[in-house]
1. For the stretch 198-224, enumerate the residues that are among the β-branched types (Val, Ile, Thr) and surrounded by fewer than 17 Cβ atoms within 10 Å (Cβ to Cβ).
2. Please work out which residue is least open to solvent (accessible area, probe 1.4 Å), limiting yourself to the stretch 52-72 and to residues that are touching a residue at least 24 places away in the same chain (Cβ under 8 Å) and part of a loop (DSSP other than H, G, I, E, B).
3. Checking residue 167 against (1) within 30 Å of residue 16 (Cα to Cα); (2) out of contact with any His (no Cβ under 7 Å at 6 or more places or on another chain), which single condition isn't satisfied?
4. Would you check which residues across the stretch 15-50 are open to solvent by 20 Å² or more (accessible area, probe 1.4 Å) and either part of a loop (DSSP other than H, G, I, E, B) or of a type in the set (Asp, Glu) (or both) and list them?
5. Which of the residues belonging to the stretch 117-175 are in a loop (DSSP other than H, G, I, E, B) and among the charged types (D, E, K, R)?
6. If a residue has to be assigned to a loop (DSSP other than H, G, I, E, B) and among the charged types (D, E, K, R) to count, how many in the stretch 97-114 make the cut?
7. Do we have residue 142 as in contact (Cβ under 8 Å) with a residue 40 or more places away in the chain and touching a Lys or Arg at 6+ places or on another chain (Cβ under 7 Å) here?
Amino acid sequence: MFQILVVEDDASLRRLMSAALKQNGYQPFTASDGIEALDMLEKTNIDLIISDIMMPNMDGYELTRQLRNANFQMPIIMVTAKESFEDKKIGFDAGTDDYMVKPIDINEMILRVGALLKRSKLASEHTMTVGNCVLDYDAQTVAFDGQQGETIPQMEFKLLFKLLSYPNKIFTRRQLLDELWGMDKDVDERTVDVHIKRLRERYGSAEAFSIVTVRGLGYKAVKQ
């Protein structure tokens with residue numbers, strides 16, 4: 001299931017967009033401004049963003065610029081009441097992939113989401129390639145050198161996929177626990193250590209990547 005982040009300060013519109021996405025088979029997440037969106041992206045793998053432009057604290061232009069500068073490549077759709085050519089030019093220059101003008105047609109929004117996901121090849125192959133390694137998110141398999149993928153335990157796969165999605169980014173144990181196990185689960189930070197140990201036992205000799213302990217902070221994945 002593809003995860004869509006709706007960034008919109010209008011609560012009613014945010015709920016409407018989220019409901020439509022859920023009804024069409026997507027998993028929606030929400031934020032009321034750019035700062036909340038960045039916080040969400042620290043914790044969740046997002047496949048596509050639908051963002052308003054005029055928002056408090058951080059607007060859609062600045063959110064898009066920061067994401068592109070940080071090398072986030074997911075598709076972004078900007079939604080705004082502004083419809084001048086200059087406004088659209090600013091949006092595309094910032095790095096947006098598509099543009100919708102309010103009041104938006106919800107059905108059109110769904111079509112645009114599907115088209116962008118297909119264009120980014122996410123819809124047909126929800127996979128990640130790292131060197132000679134291919135991770136298939138839907139099948140939860142890890143394959144090397146074109147061989148048949150190995151199915152590994154769900155939490156180990158999600159942990160590996162998360163780390164490799166953001167190479168060289170340091171994640172604390174608490175960040176990984178909150179996203180992958182949930183904040184209300186009766187687990188502690190040693191759970192992350194156990195799963196990291198298992199991944200290293202499986203892939204310690206992998207040529208494509210390594211999992212590095214950052215003393216006093218947490219873990220990161222490094223592509224070789």
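The values are calculated or read from the model by the stated rules, or taken from the named source; none is laboratory data. Note that the structure is a prediction, hence the values are computed from the model and not measured. Cβ placement follows ideal geometry from the backbone for every residue including glycine, while neighbour counts extend to all protein chains displayed. The area values use the complete protein model at the heavy-atom level, side chains included, leaving out ligands, DNA and RNA. Shrake-Rupley method; radii C 1.70, N 1.55, O 1.52, S 1.80 Å.
1. So in the stretch 198-224, the residues among the β-branched types (Val, Ile, Thr) come out as 211-214, 222.
Within the stretch 198-224, 212, 213, 214, 222 qualify.
2. Within the stretch 52-72, the match that is least open to solvent (accessible area, probe 1.4 Å) is 53.
3. (1)
4. Selection gives 24, 25, 26, 32, 36, 39, 42, 45.
5. Within the stretch 117-175, 121, 125, 138, 145, 169 meet the criteria.
6. Taking the stretch 97-114 as the starting set, the residues that turn out to be assigned to a loop (DSSP other than H, G, I, E, B) are 97, 102-105.
Applying the additional criterion that residues be among the charged types (D, E, K, R) yields 97, 102, 105.
Matching residues across the stretch 97-114 total 3.
7. No; evaluated as a whole, the condition is false for this residue.
Table: residues versus (1) buried (at least 16 other Cβ atoms within 10 Å of the Cβ); (2) within 18 Å of the chain's Cα centre (by Cα); (3) assigned by the TED database to the domain that holds residue 214; (4) charged (D, E, K, R).
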position	(1), (2), (3), (4)
146	no, no, yes, no
167	no, yes, yes, no
175	yes, yes, yes, no
180	yes, yes, yes, no
196	yes, no, yes, no
